[in-house]
Structures are given as C-alpha cells and as structure tokens.
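Working notes for the structure below.
The values are calculated or read from the model by the stated rules, or taken from the named source; none is laboratory data. It should be emphasised that the depicted structure is a prediction, and the values quoted were computed from it without experimental measurement. Cβ atoms come from the backbone with ideal geometry, glycine included; neighbour counts cover every protein chain shown.
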Amino acid sequence: MGLVLGAALPAPALQATYGSGGAVIFRKVLMLGDSLSVGPFGQEMQHFLIERFGESRVYLLASCGASPEHWLGSEPEFVAKCGYRVKTPRQYMLGEYEKGRRPAPFPTPKLEQILAKTHPDLVLVQLGTNWFDLLEQSAAPEVLERLEGIVDRFAATLLSADPRPQLVWITPPDSARFRKVQGLVTELLYRVGRRRRFDCIDSSALVQYIPGQSGGDGVHYASAAAEKWASGVKGCLLKML
C-alpha cells in the first residue's frame, strides 16, 4: 500500500485562527485517530479541516483498532485489519468493510516518521478508545500508570518536533459498553495534558451514547450521532485556536 506523505501541493493564501496570544497561522494540520475517525466522525472532521485550512494543508491518518502505543516507533508494528482512513495533500484512501469483506491490512505508520515528513503546526489526536477493553479486564494502578506513560511518551515525541506543534487531544466519547472505565482514560489524558502543557477536549461532555439510536455496538457512532460529536469538537477547537 503506497502511503504518500511527501511535500504539500501549492496552496492558497494561509488562513489565520486567533487565540489569546494573537494571530496564529497553521501551515499544516495533522489528525491521528482510531476506528472512530475511520468512520463518520473522521469524515466530518476531514471536511471541517479542509474547509478551515485548505486541501493542501491537511493530513488525516486513522487506523482501526489502534491505540497510542501503536504509533510509537519504539513499539512493534500494528497492522489494522478492520479499516483505515488516509488523507494527505496527494492521496485519499478509505478502507472499510464491503459486502462482508474485510478491507486490506493497513500497517499503522509511526509517529516519528509522520512528523519528519509532514512538519505539522497543529496536531489533533483522537485515540484511547481501544484501551477500554484492557481497563475493563483490569484497572489496577500499575495498568493505569503504564498507559499514562505511553501517553506521556506520545506527547513528548510530538512536542519535541521542529516546529513544535500545538497539540489538542480529543478524548474518547461516551460509550454505552464501557461507562465504568471510560472516565479513567479521560482523566489520565488530562493529567498528561497538564504536565506536558497540551489541550484536551472532553468528548464525553459533548455527546451521550444511546443504544439503538447512536449506534449498534455501544462504542461506534452512526452518522447522526457522529455529526453531533464532531459539531461539539469543532466548536471547542474554534474557541481554542
């Protein structure tokens, strides 16, 4: 599978977004996600980012089943077998189930490689959902400490890039299947965010999973619910940037 992460195509005039420190101009925007970003939430965010920053500035990579550790170069390769979304200035690919057939396997690219090729100014991360299963089996202090360490390494890798990007972590949304543990992931993301000085968007405050209405499995959001979630995220981003 030819994943192109080369130089951007010629772009229109830069668009500025404004924060408390004055005008901030983003030349390249990167979003990383899991199956939720492979699906309709990712589609909504892809359209928003392209409209906001321009086609040639946006990179979106989503890998079904992936967690933060799977993107780190020091960890074994993770091959997604249930889908992917790839949007770069030169490429668009979407791997989904078709008539019961699995999409092609997708080797999850490594963060260090992505950063070296894209040099983003703004990075959005939508990861952590796939830790719910693990935490439901055991939420022991040592397990939480290990996961927090992974997020810390992930953030440190991102924030040591040149240029140093602005990082915004979109926490997992409400899940009807994993409500007992979903808050643990949000809490550890916020802890690392305070330590590493990056922003978080609390998705659980933006949307509630209603079984049979939001989706069918208690985790993945159907189109209407995903649009509501994405709308809330967009609103938070526009206030932050």
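So here's what we get for this one:
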| item | result |
| --- | --- |
| Helices (runs of 4 or more DSSP H) contained entirely in region 132-241, each with at least 3 residues that are touching a strand residue (DSSP E or B) at 6+ places or on another chain (Cβ under 9 Å) and in contact (Cβ under 8 Å) with a residue 12 or more places away in the chain | 141-159, 179-196, 223-240 |
| Residue check for V181: β-branched (V, I, T) and more than 20 Å from L32 (Cβ to Cβ) | yes |
| Residue pairs meeting the criteria (Cβ under 7 Å; at least 6 apart or on separate chains; first closer than 12 Å to A66 by Cα, in region 102-117; second buried (at least 19 other Cβ atoms within 10 Å of the Cβ) and polar (S, T, N, Q)) | F106/S63; T108/S63 |
| Of all residues making up region 22-74, the number that are assigned to a strand (DSSP E or B), touching a Pro at 6+ places or on another chain (Cβ under 6 Å) and either surrounded by fewer than 20 Cβ atoms within 10 Å (Cβ to Cβ) or modelled with pLDDT under 95 (or both) | 0 |
| Members of region 76-111 found to be outside any strand (DSSP E or B) and surrounded by fewer than 16 Cβ atoms within 10 Å (Cβ to Cβ), listed by number | P76, E77, K81, R90, E96, Y97, K99, G100, R102, A104, P105 |
| From the options L206, L188, residue that is within 29 Å of E112 (Cα to Cα) and crowded, with 18+ Cβ neighbours inside 10 Å | L188 |
| Yes/no for K87 being of a type in the set (K, R), out of contact with any helix residue (DSSP H, G or I) (no Cβ under 8 Å at 6 or more places or on another chain) and at pLDDT 95 or above | no |
